[in-house]
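Colleague: I'd like to ask you about the structure that follows.
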Amino acid sequence: MADISGEELDEIYAFAVNLGEEAGRMLMHGARVRMGDERVANEQEEHVQKENAVDLVTKMDDDVEAFIRGQIANKYPSHKFVGEESYSKGASRDYLIDDNPTWCVDPLDGTVNYIHLFPLFCVSIAFIHHSKPLIGVINAPLLNYFFSSCAGRGAYLNRTQRLPLIRNPIPPLPANAPSGCIFSCEWGKDRRDVPEGNLHKKVESFVNMAAEVGARAGRGGMVHGVRSLGSATLDLAFVAMGAFDIWWEGGCWEWDVAAGIAILQEAGGLVTTANPPGDYATAPIEDARLGSRLYLAIRPAGASATETGRQAQERTVREVWRRVRNLDYSRPGG
(Lines give C-alpha, C1' and ligand atoms only; values in the text may rest on other atoms or scores of the structure.)
Protein backbone atom coordinates (compact mmCIF):
# COMPACT_ATOMS: atom_id res chain seq x y z
CA MET A 1 0.00 0.00 0.00
CA ALA A 2 1.49 3.35 -1.06
CA ASP A 3 2.28 6.00 1.50
CA ILE A 4 -0.18 8.82 2.08
CA SER A 5 1.05 12.28 1.12
CA GLY A 6 1.08 15.16 3.57
CA GLU A 7 -1.69 16.89 1.64
CA GLU A 8 -3.85 13.75 1.74
CA LEU A 9 -3.22 13.35 5.47
CA ASP A 10 -4.25 16.94 6.11
CA GLU A 11 -7.49 16.32 4.22
CA ILE A 12 -8.20 13.14 6.19
CA TYR A 13 -7.45 14.96 9.45
CA ALA A 14 -9.93 17.73 8.67
CA PHE A 15 -12.52 15.13 7.73
CA ALA A 16 -11.93 13.20 10.98
CA VAL A 17 -12.28 16.36 13.06
CA ASN A 18 -15.59 17.16 11.38
CA LEU A 19 -16.79 13.59 12.01
CA GLY A 20 -15.88 13.96 15.69
CA GLU A 21 -17.85 17.20 15.93
CA GLU A 22 -20.97 15.72 14.33
CA ALA A 23 -20.81 12.52 16.37
CA GLY A 24 -20.35 14.52 19.56
CA ARG A 25 -23.55 16.41 18.81
CA MET A 26 -25.36 13.10 18.44
CA LEU A 27 -24.07 11.97 21.85
CA MET A 28 -25.20 15.22 23.45
CA HIS A 29 -28.64 14.81 21.92
CA GLY A 30 -28.87 11.36 23.47
CA ALA A 31 -27.67 12.69 26.82
CA ARG A 32 -30.40 15.32 26.75
CA VAL A 33 -32.95 12.54 26.24
CA ARG A 34 -31.64 10.93 29.41
CA MET A 35 -31.74 14.24 31.25
CA GLY A 36 -35.44 14.69 30.41
CA ASP A 37 -34.99 17.68 28.13
CA GLU A 38 -38.55 18.67 27.20
CA ARG A 39 -37.58 19.26 23.57
CA VAL A 40 -36.74 15.60 23.15
CA ALA A 41 -38.89 14.13 25.93
CA ASN A 42 -41.01 12.10 23.55
CA GLU A 43 -38.04 10.27 22.07
CA GLN A 44 -37.59 6.75 23.27
CA GLU A 45 -34.23 5.46 24.50
CA GLU A 46 -33.39 1.81 24.40
CA HIS A 47 -31.04 0.01 26.77
CA VAL A 48 -29.85 -3.45 25.88
CA GLN A 49 -27.67 -5.50 28.19
CA LYS A 50 -25.01 -7.79 26.77
CA GLU A 51 -22.59 -10.23 28.42
CA ASN A 52 -22.89 -8.83 31.98
CA ALA A 53 -24.04 -5.82 33.98
CA VAL A 54 -20.78 -3.98 33.31
CA ASP A 55 -20.96 -4.28 29.51
CA LEU A 56 -23.92 -2.22 28.36
CA VAL A 57 -24.73 -1.08 24.89
CA THR A 58 -27.33 1.47 23.89
CA LYS A 59 -29.06 2.37 20.69
CA MET A 60 -26.80 5.41 20.60
CA ASP A 61 -23.77 3.19 19.89
CA ASP A 62 -25.40 1.82 16.76
CA ASP A 63 -26.69 5.16 15.53
CA VAL A 64 -23.37 6.99 15.93
CA GLU A 65 -21.34 4.17 14.39
CA ALA A 66 -23.72 3.91 11.43
CA PHE A 67 -23.40 7.65 10.84
CA ILE A 68 -19.58 7.61 10.98
CA ARG A 69 -19.30 4.50 8.84
CA GLY A 70 -21.61 5.94 6.21
CA GLN A 71 -19.70 9.21 6.02
CA ILE A 72 -16.39 7.37 5.64
CA ALA A 73 -17.79 5.03 2.98
CA ASN A 74 -18.96 8.00 0.94
CA LYS A 75 -15.71 9.93 1.25
CA TYR A 76 -13.13 7.12 1.24
CA PRO A 77 -14.77 3.97 -0.16
CA SER A 78 -11.44 2.12 -0.43
CA HIS A 79 -10.61 2.51 3.27
CA LYS A 80 -11.28 -0.28 5.75
CA PHE A 81 -13.53 0.27 8.75
CA VAL A 82 -13.30 -1.34 12.19
CA GLY A 83 -16.04 -0.26 14.59
CA GLU A 84 -16.90 -1.58 18.02
CA GLU A 85 -20.53 -2.36 17.31
CA SER A 86 -20.10 -3.95 13.87
CA TYR A 87 -16.98 -5.87 14.91
CA SER A 88 -18.34 -7.15 18.22
CA LYS A 89 -21.46 -8.47 16.49
CA GLY A 90 -19.37 -10.46 14.01
CA ALA A 91 -18.62 -14.15 14.16
CA SER A 92 -14.91 -13.67 14.85
CA ARG A 93 -12.59 -11.30 16.62
CA ASP A 94 -9.57 -11.97 14.50
CA TYR A 95 -6.95 -9.26 14.34
CA LEU A 96 -8.15 -6.84 11.65
CA ILE A 97 -5.58 -4.04 11.61
CA ASP A 98 -3.07 -4.34 8.76
CA ASP A 99 -1.14 -2.06 6.41
CA ASN A 100 -4.26 -0.80 4.64
CA PRO A 101 -5.76 2.63 5.43
CA THR A 102 -8.19 1.81 8.24
CA TRP A 103 -10.65 3.75 10.37
CA CYS A 104 -11.00 2.43 13.91
CA VAL A 105 -14.01 3.81 15.77
CA ASP A 106 -15.62 3.54 19.17
CA PRO A 107 -18.92 5.40 18.76
CA LEU A 108 -19.44 5.65 22.52
CA ASP A 109 -16.53 4.88 24.82
CA GLY A 110 -17.59 4.97 28.44
CA THR A 111 -21.02 3.49 27.82
CA VAL A 112 -21.61 2.77 31.50
CA ASN A 113 -20.74 6.39 32.29
CA TYR A 114 -23.15 7.54 29.59
CA ILE A 115 -26.00 5.48 31.02
CA HIS A 116 -25.36 6.93 34.48
CA LEU A 117 -24.87 10.46 33.05
CA PHE A 118 -21.33 10.55 34.42
CA PRO A 119 -19.68 13.01 32.03
CA LEU A 120 -16.66 10.90 31.09
CA PHE A 121 -17.91 9.42 27.84
CA CYS A 122 -16.84 10.20 24.30
CA VAL A 123 -16.68 9.27 20.65
CA SER A 124 -13.27 7.98 19.57
CA ILE A 125 -12.09 8.04 15.93
CA ALA A 126 -8.67 6.93 14.67
CA PHE A 127 -7.14 6.70 11.23
CA ILE A 128 -4.48 4.01 10.87
CA HIS A 129 -2.01 3.28 8.08
CA HIS A 130 0.71 0.62 8.02
CA SER A 131 -0.65 -0.51 11.42
CA LYS A 132 0.22 2.85 13.01
CA PRO A 133 -2.41 5.28 14.34
CA LEU A 134 -1.75 8.54 12.48
CA ILE A 135 -4.84 10.56 13.43
CA GLY A 136 -6.82 10.61 16.64
CA VAL A 137 -10.03 12.46 17.49
CA ILE A 138 -11.76 12.16 20.87
CA ASN A 139 -14.85 14.25 21.63
CA ALA A 140 -16.19 14.20 25.19
CA PRO A 141 -19.12 16.59 24.65
CA LEU A 142 -20.44 16.79 28.20
CA LEU A 143 -16.95 17.82 29.35
CA ASN A 144 -16.51 20.12 26.37
CA TYR A 145 -13.17 18.41 25.75
CA PHE A 146 -12.17 17.83 22.13
CA PHE A 147 -8.81 16.11 21.65
CA SER A 148 -7.22 15.80 18.23
CA SER A 149 -3.87 14.92 16.71
CA CYS A 150 -2.23 14.22 13.39
CA ALA A 151 1.22 12.67 12.95
CA GLY A 152 3.83 15.39 12.66
CA ARG A 153 1.32 18.17 13.30
CA GLY A 154 0.91 18.11 17.07
CA ALA A 155 -1.76 17.05 19.54
CA TYR A 156 -4.34 19.51 20.84
CA LEU A 157 -7.16 20.09 23.29
CA ASN A 158 -10.02 22.15 21.85
CA ARG A 159 -7.99 23.00 18.72
CA THR A 160 -5.71 25.61 20.33
CA GLN A 161 -4.09 24.20 23.46
CA ARG A 162 -1.13 22.06 22.51
CA LEU A 163 -0.57 18.87 24.51
CA PRO A 164 0.76 18.25 27.04
CA LEU A 165 -0.84 21.08 28.99
CA ILE A 166 1.24 20.92 32.15
CA ARG A 167 3.74 23.77 32.39
CA ASN A 168 6.44 24.79 29.97
CA PRO A 169 8.99 23.32 29.81
CA ILE A 170 7.46 19.89 30.31
CA PRO A 171 8.42 18.71 33.80
CA PRO A 172 10.43 15.53 34.29
CA LEU A 173 8.88 12.49 35.87
CA PRO A 174 9.46 12.12 39.63
CA ALA A 175 12.89 10.72 40.45
CA ASN A 176 11.26 8.07 42.64
CA ALA A 177 8.36 7.23 40.29
CA PRO A 178 5.80 5.73 40.65
CA SER A 179 5.79 7.58 43.97
CA GLY A 180 4.50 11.06 43.28
CA CYS A 181 2.59 9.93 40.18
CA ILE A 182 -1.10 9.74 39.38
CA PHE A 183 -1.76 6.13 38.37
CA SER A 184 -4.81 5.39 36.22
CA CYS A 185 -6.30 1.94 35.73
CA GLU A 186 -9.59 0.21 34.97
CA TRP A 187 -11.36 -2.73 36.58
CA GLY A 188 -12.36 -4.15 33.21
CA LYS A 189 -15.15 -6.53 32.25
CA ASP A 190 -13.56 -9.77 33.43
CA ARG A 191 -14.98 -9.94 36.96
CA ARG A 192 -14.57 -13.67 37.55
CA ASP A 193 -13.75 -14.13 41.22
CA VAL A 194 -11.19 -16.89 40.78
CA PRO A 195 -7.62 -17.18 42.09
CA GLU A 196 -5.10 -16.07 39.49
CA GLY A 197 -7.86 -14.56 37.35
CA ASN A 198 -7.47 -11.15 35.80
CA LEU A 199 -9.57 -9.45 38.47
CA HIS A 200 -7.40 -10.79 41.29
CA LYS A 201 -4.21 -9.93 39.41
CA LYS A 202 -5.44 -6.40 38.78
CA VAL A 203 -6.41 -5.84 42.41
CA GLU A 204 -3.03 -7.10 43.61
CA SER A 205 -1.29 -4.79 41.13
CA PHE A 206 -3.42 -1.80 42.18
CA VAL A 207 -2.56 -2.39 45.84
CA ASN A 208 1.13 -2.79 45.04
CA MET A 209 1.12 0.55 43.23
CA ALA A 210 -0.78 2.28 46.06
CA ALA A 211 0.85 0.80 49.16
CA GLU A 212 3.46 2.67 51.17
CA VAL A 213 7.06 2.52 50.04
CA GLY A 214 8.75 -0.61 51.38
CA ALA A 215 5.49 -2.48 51.90
CA ARG A 216 4.45 -5.64 50.08
CA ALA A 217 7.96 -7.14 49.89
CA GLY A 218 9.38 -3.92 48.48
CA ARG A 219 6.71 -3.51 45.80
CA GLY A 220 4.83 -0.66 47.46
CA GLY A 221 4.77 2.21 45.01
CA MET A 222 2.94 4.85 47.05
CA VAL A 223 1.53 6.57 43.99
CA HIS A 224 0.10 10.01 44.60
CA GLY A 225 -3.38 8.84 43.58
CA VAL A 226 -5.31 6.13 41.73
CA ARG A 227 -7.96 7.04 39.15
CA SER A 228 -10.47 5.03 37.09
CA LEU A 229 -12.35 7.02 34.47
CA GLY A 230 -14.34 4.19 32.90
CA SER A 231 -13.02 5.08 29.44
CA ALA A 232 -9.72 3.76 28.12
CA THR A 233 -9.44 6.35 25.38
CA LEU A 234 -10.01 9.20 27.84
CA ASP A 235 -7.42 7.63 30.17
CA LEU A 236 -4.93 7.94 27.32
CA ALA A 237 -6.02 11.49 26.53
CA PHE A 238 -5.47 12.52 30.13
CA VAL A 239 -2.00 10.95 30.03
CA ALA A 240 -1.34 12.99 26.87
CA MET A 241 -2.48 16.10 28.78
CA GLY A 242 -0.02 15.29 31.57
CA ALA A 243 -2.88 15.09 34.09
CA PHE A 244 -2.13 11.37 34.57
CA ASP A 245 1.45 10.11 34.75
CA ILE A 246 0.80 6.39 34.20
CA TRP A 247 -1.96 4.24 32.71
CA TRP A 248 -1.87 0.44 32.98
CA GLU A 249 -4.55 -1.82 31.51
CA GLY A 250 -5.35 -5.13 29.89
CA GLY A 251 -8.38 -6.25 27.91
CA CYS A 252 -8.87 -3.27 25.58
CA TRP A 253 -9.76 -3.73 21.94
CA GLU A 254 -8.35 -1.60 19.13
CA TRP A 255 -11.26 0.85 19.12
CA ASP A 256 -10.76 1.44 22.85
CA VAL A 257 -7.24 2.76 22.42
CA ALA A 258 -6.37 3.66 18.80
CA ALA A 259 -7.30 7.36 18.93
CA GLY A 260 -5.84 7.76 22.42
CA ILE A 261 -2.55 6.18 21.37
CA ALA A 262 -2.34 8.48 18.33
CA ILE A 263 -2.84 11.54 20.54
CA LEU A 264 -0.50 10.41 23.31
CA GLN A 265 2.35 9.49 20.98
CA GLU A 266 2.03 12.75 19.09
CA ALA A 267 2.19 14.60 22.43
CA GLY A 268 5.44 12.81 23.30
CA GLY A 269 4.16 10.00 25.49
CA LEU A 270 5.24 6.36 25.52
CA VAL A 271 2.98 3.32 25.06
CA THR A 272 4.34 -0.17 25.62
CA THR A 273 3.03 -3.52 26.87
CA ALA A 274 1.30 -3.88 30.24
CA ASN A 275 2.80 -7.30 30.94
CA PRO A 276 6.27 -7.27 32.47
CA PRO A 277 8.81 -9.46 30.63
CA GLY A 278 10.80 -11.97 32.63
CA ASP A 279 13.85 -9.71 32.46
CA TYR A 280 11.88 -6.51 33.08
CA ALA A 281 14.96 -4.66 34.39
CA THR A 282 16.87 -4.96 31.12
CA ALA A 283 14.40 -5.98 28.38
CA PRO A 284 14.04 -3.51 25.49
CA ILE A 285 11.03 -1.23 25.77
CA GLU A 286 9.16 -1.32 22.48
CA ASP A 287 5.99 0.41 21.30
CA ALA A 288 2.85 -1.57 22.06
CA ARG A 289 1.37 -3.42 19.10
CA LEU A 290 -2.09 -2.12 18.35
CA GLY A 291 -4.36 -5.07 19.01
CA SER A 292 -2.26 -6.64 21.73
CA ARG A 293 -4.93 -5.82 24.36
CA LEU A 294 -2.15 -5.00 26.89
CA TYR A 295 -1.03 -1.40 27.37
CA LEU A 296 1.15 0.69 29.66
CA ALA A 297 1.29 4.42 28.93
CA ILE A 298 3.60 7.07 30.38
CA ARG A 299 3.03 10.81 30.04
CA PRO A 300 5.26 13.16 28.06
CA ALA A 301 8.32 13.96 30.17
CA GLY A 302 10.97 16.64 30.14
CA ALA A 303 14.64 16.13 30.83
CA SER A 304 16.18 16.46 34.29
CA ALA A 305 19.78 17.12 35.26
CA THR A 306 20.53 13.40 35.15
CA GLU A 307 18.37 11.87 32.38
CA THR A 308 16.46 12.59 29.22
CA GLY A 309 12.69 12.49 29.12
CA ARG A 310 12.77 9.13 27.31
CA GLN A 311 15.14 7.68 29.91
CA ALA A 312 12.75 8.79 32.65
CA GLN A 313 9.80 7.23 30.82
CA GLU A 314 11.65 3.93 30.46
CA ARG A 315 12.72 4.01 34.12
CA THR A 316 9.09 4.49 35.10
CA VAL A 317 8.00 1.62 32.85
CA ARG A 318 10.42 -0.72 34.61
CA GLU A 319 9.25 0.42 38.04
CA VAL A 320 5.65 -0.29 37.05
CA TRP A 321 6.60 -3.68 35.59
CA ARG A 322 8.26 -4.54 38.91
CA ARG A 323 4.95 -4.06 40.73
CA VAL A 324 2.26 -5.46 38.41
CA ARG A 325 1.11 -8.96 37.49
CA ASN A 326 0.96 -10.48 34.04
CA LEU A 327 -2.60 -10.36 32.73
CA ASP A 328 -4.19 -12.96 30.47
CA TYR A 329 -6.18 -11.40 27.63
CA SER A 330 -6.06 -13.50 24.48
CA ARG A 331 -7.88 -12.79 21.24
CA PRO A 332 -10.84 -15.09 20.50
CA GLY A 333 -10.38 -16.60 17.09
CA GLY A 334 -6.85 -15.24 16.77
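Colleague: Going residue by residue through the range 252-263, is there one that turns out to be outside any helix (DSSP H, G or I) and of a type outside the set (Ser, Thr, Tyr)?
Modeller: yes
Colleague: I need the full set of residues from the range 121-163 which are of a type in the set (Val, Ile, Thr) and either crowded, with 20+ Cβ neighbours inside 10 Å or in contact (Cβ under 8 Å) with a residue 60 or more places away in the chain (or both), in order please.
Modeller: Val123, Ile125, Ile128, Ile135, Val137, Ile138
Colleague: Okay, next question. Pro300 - would you say it is surrounded by 20 or more Cβ atoms within 10 Å (Cβ to Cβ) and either at pLDDT below 95 or assigned to a loop (DSSP other than H, G, I, E, B) (or both)?
Modeller: yes
Each row is one residue, and each column tells you yes or no for (1) closer than 22 Å to Val112 by Cα; (2) surrounded by 21 or more Cβ atoms within 10 Å (Cβ to Cβ); (3) assigned by TED's automatic domain parsing to the domain that holds Tyr114.
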residue	(1), (2), (3)
Ala215	no, no, no
Asp235	yes, yes, no
Met241	no, yes, no
Gly250	yes, yes, no
Gln265	no, yes, no
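Colleague: Do the conditions hold for Asp99, that is, is it at pLDDT below 85 and either β-branched (Val, Ile, Thr) or in a loop (DSSP other than H, G, I, E, B) (or both)?
Modeller: no
Colleague: All but one of (1) surrounded by fewer than 23 Cβ atoms within 10 Å (Cβ to Cβ); (2) in contact with a Ser or Thr (Cβ under 6 Å, 6 or more places away or on another chain); (3) not aromatic (Phe, Trp, Tyr) hold for Pro101; state the number of the condition that does not hold.
Modeller: (2)
Colleague: Just wondering, is there one or more residues in the range 274-297 that are assigned to a helix (DSSP H, G or I) and buried (at least 20 other Cβ atoms within 10 Å of the Cβ)?
Modeller: no
Colleague: Now, a different point. Tell me, which strands (runs of 3 or more DSSP E) wholly within the range 117-202 include 3 or more residues that are among the aromatic types (Phe, Trp, Tyr) and outside the structural domain of Ile261 (by TED's automatic domain parsing)?
Modeller: Correct list: 145-150.
Colleague: Among the residues of the range 122-131, how many are at pLDDT 95 or above and more than 12 Å from the chain's Cα centre (by Cα)?
Modeller: 3
Conditions (1) modelled with pLDDT of 95 or more; (2) acidic (Asp, Glu), marked per residue:
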residue: Asp235; (1), (2): yes, yes
residue: Phe244; (1), (2): yes, no
residue: Trp247; (1), (2): yes, no
residue: Gly251; (1), (2): no, no
residue: Ala258; (1), (2): yes, no
residue: Ala262; (1), (2): yes, no
residue: Gly269; (1), (2): yes, no
residue: Thr273; (1), (2): yes, no
residue: Ala283; (1), (2): yes, no
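Colleague: Kindly list the number of the only condition in (1) at pLDDT below 95; (2) in contact with a strand residue (DSSP E or B) (Cβ under 7 Å, 6 or more places away or on another chain); (3) not β-branched (Val, Ile, Thr) that fails for Gly333.
Modeller: Against the list (1) at pLDDT below 95; (2) in contact with a strand residue (DSSP E or B) (Cβ under 7 Å, 6 or more places away or on another chain); (3) not β-branched (Val, Ile, Thr), Gly333 comes up short only on (2).
Conditions (1) in contact with a Gly (Cβ under 9 Å, 6 or more places away or on another chain); (2) under 30 Å from Ala215 (Cβ atoms); (3) in contact (Cβ under 8 Å) with a residue 40 or more places away in the chain, marked per residue:
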position: Ala237; (1), (2), (3): yes, no, yes
position: Gly251; (1), (2), (3): yes, yes, yes
position: Pro276; (1), (2), (3): no, yes, yes
position: Asp279; (1), (2), (3): no, yes, no
position: Gly291; (1), (2), (3): yes, no, yes
position: Leu294; (1), (2), (3): yes, yes, yes
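The values are calculated or read from the model by the stated rules, or taken from the named source; none is laboratory data. As the structure is a computational prediction, the values presented were derived from the model and not from experiment. Quick reminder, even Gly has a Cβ in these numbers, built from the backbone with ideal geometry, and neighbours come from all protein chains shown.
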